[in-house]
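Novice: Take a look at the following structure, please.
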Amino acid sequence: MRLSAKAQYACVAMVDLACNHGDPNPVHLKGIADKHGISQRFLVQILLQLKGAGLVESTRGATGGYLLAKPPAQIRLSEIIHAIDQPPDAAPSALAGLYATTIVRVVSEVLQEAQNLEQKRLAEITLETLIRQTHERNEIAYQI
């Protein structure tokens with residue numbers, strides 16, 4: 001799987017917002033950018049795309065910032081990634097121009113199956129899942 005840096009940063013920002021879900025105060029863009037080392041300019045573009053996809057809401061002003069538009073359990077990793085990067089094509093495009101030999105068909109089918117499994121897995125993972133994993137790792141770090 002090849003994800004753009006923008007899609008990966010979008011996932012980080014969304015998990016950060018999800019960790020603050022339930023707090024009525026919006027999360028400041030600067031806080032997310034500084035905490036994770038993401039350029040504020042780049043993060044603005046990302047959050048605008050996520051807002052356009054209906055995944056985040058924003059408020060303006062000194063106390064403004066961003067909130068999740070839905071609970072973490074209702075936002076899937078696939079939604080975040082596809083809001084930034086287009087969903088993959090149905091068939092591997094490099095093989096489309098080759099002759100339809102048995103080898104080409106078999107390779108194409110296996111690659112398509114791998115892509116389908118990848119997309120299915122991304123659709124299974126919610127922000128809630130990632131929050132839980134984050135908390136588990138933080139607990140382990142505190143025990144050491």
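Novice: Contact order normalised by length for the chain, with contacts defined as Cα pairs under 8 Å and 6 or more residues apart; what percent is it? Before the final figure, lay out the partial values.
Specialist: On the way: 143 pairs, mean separation 41.1, N = 144.
Value for the chain: 29 percent.
Novice: Hey, in the GNM for the chain with a 10 angstrom Cα cutoff, which one of ARG41, ARG132, ARG105 fluctuates hardest?
Specialist: Among ARG41, ARG132, ARG105, the largest GNM mean-square fluctuation belongs to ARG105.
Novice: Further question: Can you list the aspartates and glutamates whose alpha carbon is less than 14 Å from that of LYS51, not counting same-chain residues fewer than 8 positions off?
Specialist: Answer for LYS51, where 14 Å is the Cα cut-off: GLU79, listed by chain and number.
Novice: Just grab the label-to-label distance for GLN8 and VAL104, each label 7 Å out from Cα along the Cβ direction, in nm (one decimal).
Specialist: 3.4
Novice: Given the alpha-carbon gyration tensor of the stretch 27-144, what are the semi-axes of its equivalent ellipsoid in whole angstrom, ordered largest first, with each equal to the square root of 5 times an eigenvalue? Can you show the working numbers first?
Specialist: Details: eigenvalues 261, 80, 34 Å².
The answer is 36, 20, 13 Å, longest axis first.
Novice: Would you kindly derive the ³J(HN,Hα) couplings of the stretch 119-126 from the backbone phi angles with the Karplus curve 6.51 cos²θ - 1.76 cosθ + 1.60 (θ = phi - 60°), listing them in order in whole Hz, with x for Gly and Pro?
Specialist: Ordered by residue, 3J(HN,Hα) equals 5, 4, 5, 4, 6, 7, 8, 9 Hz.
Novice: Once both axes come from the Cα atoms, what is the angle between helix 40-52 and the longest principal axis of the chain, in degrees from 0 to 90, rounded to 10?
Specialist: 70
Novice: Cut-off under 20 Å on the C-alpha distance; same-chain residues fewer than 8 positions from LYS30 excluded. Which aspartates and glutamates are left, in chain and number order?
Specialist: Cross-link targets: ASP16, GLU57.
Taken together, the values in this text are just the output of simple stated rules run on the coordinates, not laboratory data. Here the structure is a predicted model, which is why all the values come from computation and not from measurement. So basically every Cβ, Gly included, is an ideal-geometry build from the backbone, and we count neighbours across all protein chains shown.
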